[in-house]
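Presented below is the structure to which this report refers.
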Amino acid sequence: DRGVGCKSGYNQMHFHNTTNDSLENYHTNSAFYNICSLGPETTVQTRTMDLGLAEDHFSRPMGLIVAPDIEQLKMAIEECKKLILELPEHSERQKDTVVKLIHLRLKLQELKDPGEDEPNLRILLEHRFSKEKSKSVKQTCDKCSTIIWGLIQTWYTCTGCYYRCHSKCMNLITKPCVRSKVSHQSEFELSICPEIGLDRQDYRCAECRTPISLRGVPSEARQCDYTGQYYCSTCHWNDTAIVPARVIHNWEFESRKVCRSSMRYLALMISRPVLKLKEINPLLFNFVEELVEIRKLRQDILLMKPYFITCKEAMEARLLLQLQDRQHFVENDDMYSLQDLIDISSGRLSCSLTEVHTTFAKHIKLDCERCQAKGFVCELCKEGDILFPFDSHTSVCHDCSAVFHRDCYYDNSTTCPRCARMTERKQDEVPVVKDA
């Protein structure tokens, strides 16, 4: 006889119908009926002993799970909670009962989410969901905003935008993958918090259309500093991010509260070179000295690039790959990513780019004889060392790319000697047509 005060009729019927396949269901049901059949005269200690929670509540029942099992577990949990309140505080018996309550709740969660065999890859609304294997990492479901218990729940992560959700929440997802938006619309919102007002949003969340208001009834309205729109607490978790518009117009890098979709979009766009500062805000170079320094270093690197792509030693040493994380630096000098601007503000980019610039210049001017042979001699003064277009004291002819000392070039009132020679050469090549 497993419990005190068990109903004999129930026990006889249950033992008669119990098989090896449903033995564990019996343990759970028996625990529930033990609690329900306790009389008021039963002592607290007896009720603790009769709770019947010593079984392994993490194991899965072999038989089919039916609705009454879940309801019975819920009632058992409520009885267990009442029992905890009746026991002396901080007593060992109360601590043991709390542990048993946790086991019951985990058992209930397991019954709700059976964790059947799920596919490893699921595609939904352009999301590519991959089944997670980690059991110890605690995450939060982006759909229902509750904790994902990896130990007993199946969950997925989108490989594109890192959207996480329970397996049971998959069919409820309405948000498309943010990476698809990045692929179709690779540009930032460049207006600072372009608010349109709650009335223009019909007092509904801009994403899921849940009713919201500033008073928090029925749901709190939270503004995204990136889009300027209002969202519910399910779509806006008060995450913070650096807003590109504030950086470009105000050189401000303070993190602002943004909604979940904006946070993912900014995270995916942060390294994309889509900001052409000379067109968006050319006055920024007049106020931020670091930007002028970075622009000069980038221009020098572009002048060094022709030396490397024609030098066998430089290609074997893969010097240009030192900028593989910022590939746009060897393609142009006017496009910036948001990460570039963040690193410029912190001083990190200036240090790393100066180091790369020094390495490149050392190869061309000191280490490689082939690259040294491609230097220039100032044809205006015909004095001094070999000149290179990226030297700080030189000037380059815009027409023929010849290199001169800066002082010589600006003091010279005549045309570029190399341009003059090229013009004479072209005139000599023009055939003279004789009259018949």
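Taken together, the values in this text are just the output of simple stated rules run on the coordinates, not laboratory data. Given the structure is predicted, the values throughout are model-derived calculations rather than measurements. Counting neighbours? That spans all protein chains shown, and the Cβs are built from the backbone with ideal geometry, glycine included.
Give me the extension gain from residue 287 to residue 217: residue separation times 0.36 nm, minus the current Cα-Cα distance, reported in nm with one decimal.
Extra length from residue 287 to residue 217 when fully extended: 20.6 nm.
With the Cα gyration tensor of the stretch 287-436 giving a ≥ b ≥ c as the square roots of its eigenvalues, does the rule (a/c under 1.5 for rounded; else a/b larger than b/c for prolate; else oblate) give rounded, prolate or oblate?
prolate
Under a crude label model (7 Å from the Cα following the beta-carbon direction), how far is residue 146 from residue 352 in nanometres?
Going from the residue 146 label point to the residue 352 one covers 4.2 nm.
Taking 0.36 nm per intervening residue step and subtracting the Cα-Cα distance, what contour gain separates residue 272 from residue 187 on full extension?
Gain on extension, residue 272 to residue 187, equals 29.7 nm.
Between residue 427 and residue 411, how many nm apart are label points set 7 Å from Cα along the C-beta direction?
Modelled inter-label distance: 2.8 nm.
Within the set of other residues whose C-beta is less than 14 Å from the C-beta of residue 299, count the net charge using Lys and Arg as +1 and Asp and Glu as -1.
-1
Is the stretch 377-430 best put as rounded, prolate or oblate by its Cα gyration tensor, with a ≥ b ≥ c the root eigenvalues, rounded for a/c under 1.5, and otherwise prolate when a/b is larger than b/c, oblate when not?
In terms of gyration-tensor shape, prolate.
Compute the signed sum of charges (Lys and Arg +1, Asp and Glu -1) over the other residues within less than 11 Å, Cβ to Cβ, of residue 388.
Result for the neighbourhood of residue 388: -1.
Which entries in the list 133/168; 374/426; 74/100; 81/107; 296/374; 312/365 go over 18 Å, if you measure between the two C-alpha atoms of each?
Over 18 Å Cα-Cα: 374/426; 296/374.
Name the shape class, rounded, prolate or oblate, that the alpha-carbon gyration tensor gives for the stretch 260-346, where a ≥ b ≥ c are the square roots of its eigenvalues, rounded holds for a/c under 1.5, and otherwise prolate holds if a/b is larger than b/c and oblate otherwise.
Note, shape of the stretch 260-346 comes out oblate.
Which residue, 186, 150, 160, has the largest displacement toward the positive end of the dipole of the stretch 141-190 when charges sit on each Cβ (Lys, Arg +1; Asp, Glu -1)?
Value computed over the given set: 150.
Taking the simple approach of a point 7 Å from Cα along Cα-to-Cβ for both residue 93 and residue 171, what is their distance in nm?
With each label placed 7 Å out from Cα toward Cβ, I get 4.6 nm.
Tally Lys and Arg at +1 and Asp and Glu at -1 over the other residues with C-beta under 15 Å from the C-beta of residue 311: what net charge comes out?
+3
Can you give me the convex hull volume of the Cα atoms of the stretch 184-285, divided per residue and expressed in Å³?
Once divided by residue count, the hull of the stretch 184-285 is 110 Å³.
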